[in-house]
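Structure, as structure tokens:
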Amino acid sequence: MKKIVLVVMAMLSLTNMNAENENTTVAQGVEAYDMTVNIRRLAVTLGLTLDQMEAVEDIHRNFQNEMMLAAYAEKDEREQLVDKAVKKDIRYMRYVLNQKQYKLYLLLLQTTLVNRGLK
């Protein structure tokens, strides 16, 4: 009887540890999708005008929301949602930024996605 109780306790402990590790992994994964940036620093880096800054802020807010939706989506859909969000963001930024700003923005975005393990 004592052995059965010990086996049950060991199984419960292992199950608890596995569940805890899964929750930690999910939390770390969600943080990678958080695309919060300091818009003022981005504006200085890209050399944006006030009108461009407002437009970029709106576009980026939409991009952040789409990335957070991807973070909480099923694993199968996540990559598609990220690609869709990135393509939409790039398309909208192309209308707002000039050629030089756009190239720098693409470099920053690509670097960010690679550093977070999303590309």
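With the structure loaded, tell me whether Thr36 is part of a loop (DSSP other than H, G, I, E, B), out of contact with any Lys or Arg (no Cβ under 8 Å at 6 or more places or on another chain) and of a type in the set (S, T, N, Q) or whether it fails that test.
yes
Under the condition of being of a type in the set (Ser, Thr, Tyr) and surrounded by fewer than 18 Cβ atoms within 10 Å (Cβ to Cβ), which residue from region 33-88 is nearest to Tyr102 (Cα to Cα)?
Thr45
Output the residue which, of all residues in region 67-118 that are without any contact (Cβ under 8 Å) to a residue 24 or more places away in the chain and assigned to a loop (DSSP other than H, G, I, E, B), is nearest to Thr49 (Cα to Cα).
Asn98
Take region 55-90 and flag every residue that is under 18 Å from Gly117 (Cβ atoms) and small (Gly, Ala, Ser).
Ala70, Ala71, Ala73, Ala85
Only one residue in Asp83, Asp89 is of a type in the set (Asp, Glu) and in contact with a Phe, Trp or Tyr (Cβ under 7 Å, 6 or more places away or on another chain), so which one is that?
None of the other options fit; the residue is Asp89.
Give the residues of region 101-119 that are among the β-branched types (Val, Ile, Thr) and under 17 Å from Leu42 (Cα atoms), sorted by residue number.
Those that are among the β-branched types (Val, Ile, Thr) and under 17 Å from Leu42 (Cα atoms): Thr111, Thr112.
Readers should treat all values here as calculations from the given coordinates under stated rules, not as data from a laboratory. Computed from a predicted model, the values in this text were never measured in an experiment. When we count neighbours, we look across all protein chains shown, and the Cβ atoms used for this are built from the backbone with ideal geometry, even at glycine.
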